[in-house]
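The next block holds one structure in the form of structure tokens; read it before the comments.
The values are calculated or read from the model by the stated rules, or taken from the named source; none is laboratory data. It should be emphasised that the depicted structure is a prediction, and the values quoted were computed from it without experimental measurement. Positions of Cβ are backbone-derived with ideal geometry, glycine not excepted, and every protein chain shown enters the neighbour counts. In case anyone asks, the SASA skips ligands and DNA or RNA and just uses the protein heavy atoms, side chains included. Shrake-Rupley method; radii C 1.70, N 1.55, O 1.52, S 1.80 Å.
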Amino acid sequence: MADPTYTLHFESPDCTKANIGLVGGKNASLGELMEAGEEVQVPPGFAVTTDFYEAFIEEQSLGEYISERLSTVDIDDDNAVAAASEDIRDHIESADFPDFLADELESSWQKLQSETGTDDLQVAVRSSATAEDLPDASFAGQQDTYLNVTDFESVKQRTKECMASLFTARAITYREKHGFDRDEVLISVGIQKMVEARTSGVMFTLNPANGDQSKVRIEANWGLGEAVVSGTVTPDSFLVDKPVYKIVDRNVKQKDVMTVPTDAGTEEVEIDDDKRDVPSVTADEIVKLTDLAKAIERHYDEPQDIEWAIEEDGDDKRFYILQSRPETTWNEGDEASANATSTSSSSTAERILDRL
């Protein structure tokens with residue numbers, strides 16, 4: 001048996017979908033994106049692996065507690081499931097990482113600080129469950145995400161909270177009703193540098209309204225992407241002809257709020273009056289985003305659903321890809337395609353929630 005791997009940086013050749021059982025779906029996707037070409041920039045980060053999670057659960061005898069606590073729960077009793085979920089999550093979140101795991105986590109944290117050249121590192125801490133991308137298991141969206149985490153002690157705690165979110169009431173019920181062995185569904189956690197986004201959004205490498213693969217659909221808002229996810233803002237949208245980069249449809253919305261990072265995480269703030277009706281991306285930025293969409297689609301050889309952000313510091317502008325996954329509506333076959341007739345802002349929010 002191979003030695004356990006407790007953390008794995010995204011640029012590692014082992015952080016790919018071949019090792020989804022070790023790093024989970026989201027982290028594997030980020031590792032794959034590192035190979036999509038020099039023009040595709042991914043914020044650096046690392047995976048806290050399922051080996052880490054299993055060692056933590058075993059060393060602190062948490063597995064025994066979880067099994068005992070769930071063994072007598074009536075899965076059809078929502079209150080009983082919620083109480084069990086709360087108890088299990090409290091046990092996981094209050095347990096300490098054994099020294100060898102805490103040391104490994106700190107070493108990877110320090111390496112990430114060195115890579116980014118800052119002691120004031122701000123990261124997103126995201127769950128990456130091993131079953132979330134299975135075709136018959138809708139685990140995506142059932143675990144937690146924490147933004148703008150700023151110090152190592154907070155990283156440790158948020159990592160535990162992500163691991164504990166494997167036992168939300170919703171996730172417990174889903175697994176039990178669909179026959180998943182609770183010992184076989186594991187979780188990895190991603191620690192990734194935050195992007196100080198001027199603008200962010202999603203893009204699809206086809207027209208999600210009708211499956212036309214000659215188009216790219218770009219949706220954008222000022223700040224971080226969470227205002228779009230929450231449905232509190234309807235994003236600007238642009239439909240671009242891939243071969244000639246012509247914007248064939250544009251819909252610039254009045255955008256009242258945006259999400260920004262704070263010391264406590266994030267918050268929604270009002271957008272300045274002079275920016276509310278202004279496109280949140282320029283024509284040149286749309287061309288660049290279209291280039292990136294095409295490069296990522298070529299790499300995966302299938303239509304993609306992509307999260308992106310633009311970071312701007314004076315004249316310095318960086319385009320970051322935060323996530324890419326197969327576009328599902330038109331990749332699932334004729335029946336799904338026939339039912340896909342529109343892409344309202346609410347459906348966009350659901351797609352993004354599936355990634356978080």
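Worth pointing out:
- Surface accessible to a 1.4 Å probe, K193 within the full protein complex, Å²: 50
- Note on segment 19-155: with neighbouring protein chains present and a 1.4 Å probe, carbon and sulfur make up 39 percent of its accessible heavy-atom surface.
- Charging the Cβ of each Asp and Glu at -1 and of each Lys and Arg at +1, and nothing else, the dipole of the chain about its Cα centre rounds to 1180 debye.
- Taking E68, E327, E302 in turn, the Gaussian network model of the chain (Cα-Cα springs below 10 Å) assigns the largest fluctuation to E68.
- Whole-Hz couplings from phi, Karplus 6.51/-1.76/1.60, listed for segment 119-129; x for Gly and Pro: 8, 9, 6, 10, 10, 9, 10, 10, 6, 9, 6
- Helix 345-355 axis, angle to the chain major axis (alpha carbon atoms, nearest 10°): 40
- For the chain, the mean residue ellipticity at 222 nm estimated from helices alone is -11500 deg cm²/dmol, where every DSSP H run of n ≥ 4 contributes -39500 (n - 2.57) and the total is divided by all residues, rounded to the nearest 500.
- Average accessible surface area per residue within the chain, 1.4 Å rolling probe, Å²: 45
- Taking every protein chain into account, the 1.4 Å probe leaves E115 with about 80 Å² of accessible area, to the nearest ten.
- Gaussian network model of the chain, springs between alpha carbon atoms under 10 Å - residue of T16, T329, T205 with greatest fluctuation: T329
- Alpha-carbon Rg/Rh ratio, for segment 172-260, with Rh computed the Kirkwood way: 1.14
- Inter-site label distance for S114 and D181 at 7 Å from Cα along Cβ, in nm: 3.9
- At full extension, E93 and E270 could sit 60.3 nm farther apart than now, given 0.36 nm per residue minus the alpha carbon distance.
- Backbone geometry of segment 210-218 corresponds, through the Karplus equation with coefficients 6.51, -1.76 and 1.60 at θ = phi - 60°, to 3J(HN,Hα) couplings of 9, x, 5, 7, 8, 10, 10, 9, 10 Hz, x marking Gly and Pro.
- Other-chain or far-sequence residues with amide H under 5 Å of Q323's (modelled H): E307
- The share of accessible area on segment 202-319 that comes from carbon and sulfur is 42 percent, using a 1.4 angstrom probe.
- Equivalent-ellipsoid semi-axes of segment 176-326, from the Cα gyration tensor, Å, largest first: 26, 23, 15
- Helix 99-116 vs. the chain, principal-axis angle (Cα, 0 to 90°, nearest 10): 20
- Max mean-square fluctuation residue, GNM over the chain, Cα-Cα springs under 10 Å, options R298, R325, R89: R298
- For segment 26-155, the average shadow cast by the Cα convex hull is 10.0 nm², which is a quarter of the hull's surface.
- Radius of gyration (Cα atoms) of segment 271-334, expressed as a multiple of 2.2 N^0.38 Å: 1.38.
- Difference of contour (0.36 nm per residue) and Cα-Cα distance, E153 to D284: 43.1 nm
- Set of segment 206-233 residues, backbone N closer than 13 Å to the point 7 Å along the Cα-Cβ line of D241: 214-216
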